[in-house]
Structure formats: structure tokens, C-alpha cells
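These notes concern the structure reproduced below.
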Amino acid sequence: MNRVLVLLAVLMASVTVAVRAADAPPSATPPAPMLGAVGIGVKDLDASTRFYGDVLGMKELRRFELGYLNEVVMGFPDMTGANLVLMHWPDDATRHYDGNDVKLVFYVHDPAQVIELIRKHGGKIDREATPIEALNGTVVGLGRDPDNYVIELLAR
């Protein structure tokens, strides 16, 4: 009988906490942008994956094969710091992997708004902010800064 009463008390406390959390007003301020990863162009994804794993102890977190672009996302086992995205364009013989393919990835509240800011400041737009099916519908936009570095914007 005591066990039943204790279990009932715990259950009621859990429901009370859940209801209070649900009633909390949403934050009026959107979260601040943050740097999530840095991408670099590489000639050989497998060789680069091995290099960063063997030399720096990074682990392969995920692979994306998007057709026009293949990526390996590398991160540290304790999940600290920004990730490193290794990028390779399989069908683009004109691509030179000489540091020109650097990509900075930012998680932002509104990718379309940031795309407009890039455009307003004279930056080139490679991809308007739209959902990508391979990323579970995440809204993604691609622009370039004045030095032609790729700026990838993902909705938070």
C-alpha cells in the first residue's frame, strides 16, 4: 500500500512539473547565432576522414550524399567545439581543392532573413533558403561573403 501511495505521489509531481513547463511563456528573443561547423574541400573523403581521425582523434558523425555534393561531418568524441565538414564534389572535374572551398556553417533563427542581409551587403547567393529533404526538411540557404567564402545558414 505504501508503495502505491509513493508511486502516486511521484506521478502527480511529474504531471505538475510538466504542466508548469507547458504553461511557461515562450521567449520573446530568438536564440543568438552560433558557429556550428567549418567545411573544407578535400580531394579524397576517405583519406581525409582517416587523417582527421588518426591525427586529431575526431570521429565520423554523419555522411551526406546529396548527389552534387558528398560530405563527412567530423567531430570530437566529447561533442565539444565546432564540427569539421569534409566536402567533395564527385562530378566536378573543374573543382580545385586549394582552400577556395571553405564553408562556414551558422545556425540561425531565420535563414531567409540572413540571405537577404548577405544580398543587401553585396554578397552572392548560391541557394535561397529552402528546406532540404535529405536534412529532414531543415531550411538551408547558401551565400558567399566578400572574400567568396561559403556561408551556409541552417534554421535552428
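The values are calculated or read from the model by the stated rules, or taken from the named source; none is laboratory data. Predicted model, so just to flag it, every value in this text is computed and none were measured. Positions of Cβ are generated from backbone atoms using ideal geometry, with glycine treated the same way; all protein chains shown enter the neighbour counts.
Being touching a helix residue (DSSP H, G or I) at 6+ places or on another chain (Cβ under 7 Å) and under 16 Å from Leu35 (Cβ atoms) holds for only one residue in Ala82, Ala155, and it is Ala155.
Does any residue of the range 53-76 turn out to be modelled with pLDDT of 85 or more, surrounded by 10 or more Cβ atoms within 10 Å (Cβ to Cβ) and assigned to a helix (DSSP H, G or I)? Checking the range 53-76: at least one residue is modelled with pLDDT of 85 or more, surrounded by 10 or more Cβ atoms within 10 Å (Cβ to Cβ) and assigned to a helix (DSSP H, G or I).
Does at least one position in the range 121-144 carry a residue that is touching a residue at least 12 places away in the same chain (Cβ under 8 Å), touching a Phe, Trp or Tyr at 6+ places or on another chain (Cβ under 9 Å) and surrounded by 14 or more Cβ atoms within 10 Å (Cβ to Cβ)? Within the range 121-144, none of the residues are touching a residue at least 12 places away in the same chain (Cβ under 8 Å), touching a Phe, Trp or Tyr at 6+ places or on another chain (Cβ under 9 Å) and surrounded by 14 or more Cβ atoms within 10 Å (Cβ to Cβ).
Restricting the range 27-38 to residues that are small (Gly, Ala, Ser) and over 23 Å from Asn100 (Cβ atoms), the residue that is surrounded by the fewest Cβ atoms within 10 Å (Cβ to Cβ) is Ala28. Scanning the range 57-89 for residues that are of a type in the set (A, V, I, L, M) and touching a residue at least 12 places away in the same chain (Cβ under 8 Å) returns Met58, Leu61, Leu66, Leu69, Val72, Val73, Met74, Ala82, Leu84, Val85, Leu86, Met87. Confirm whether Val139 is under 16 Å from the mean Cα position of the chain (by Cα), modelled with pLDDT of 95 or more and within 30 Å of Val55 (Cβ to Cβ). Taking the combined requirement at face value, the residue does not satisfy it. Answer yes or no: is there a residue in the range 94-103 that is assigned to a strand (DSSP E or B), buried (at least 16 other Cβ atoms within 10 Å of the Cβ) and not hydroxyl-bearing (Ser, Thr, Tyr). Yes; the residues of the range 94-103 include at least one that is assigned to a strand (DSSP E or B), buried (at least 16 other Cβ atoms within 10 Å of the Cβ) and not hydroxyl-bearing (Ser, Thr, Tyr).
Is one or more of the residues making up the range 106-118 modelled with pLDDT under 90 and among the acidic types (Asp, Glu)? No, the range 106-118 contains no residue that is modelled with pLDDT under 90 and among the acidic types (Asp, Glu).
Of all the numbered requirements in (1) within 19 Å of the chain's Cα centre (by Cα); (2) within 17 Å of Pro33 (Cβ to Cβ), Arg127 misses one, and that requirement is (2).
Where residues in the range 77-92 are within 12 Å of the chain's Cα centre (by Cα) and assigned to a strand (DSSP E or B), which of them is surrounded by the most Cβ atoms within 10 Å (Cβ to Cβ)? The extreme case among them is Val85.
Table: residues versus (1) over 17 Å from the mean Cα position of the chain (by Cα); (2) under 30 Å from Asp91 (Cα atoms); (3) surrounded by 11 or more Cβ atoms within 10 Å (Cβ to Cβ); (4) at pLDDT 65 or above.
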| residue | (1), (2), (3), (4) |
| --- | --- |
| Ala21 | yes, no, no, no |
| Pro25 | yes, no, no, yes |
| Ile40 | no, yes, yes, yes |
| Leu45 | yes, yes, yes, yes |
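Does Arg127 fit the bill of being among the charged types (D, E, K, R) and at pLDDT 95 or above? It is true that Arg127 is among the charged types (D, E, K, R) and at pLDDT 95 or above. Among the conditions (1) farther than 25 Å from Asp44 by Cα; (2) loosely packed, with under 14 Cβ neighbours inside 10 Å, Pro111 misses just one, which is (2).
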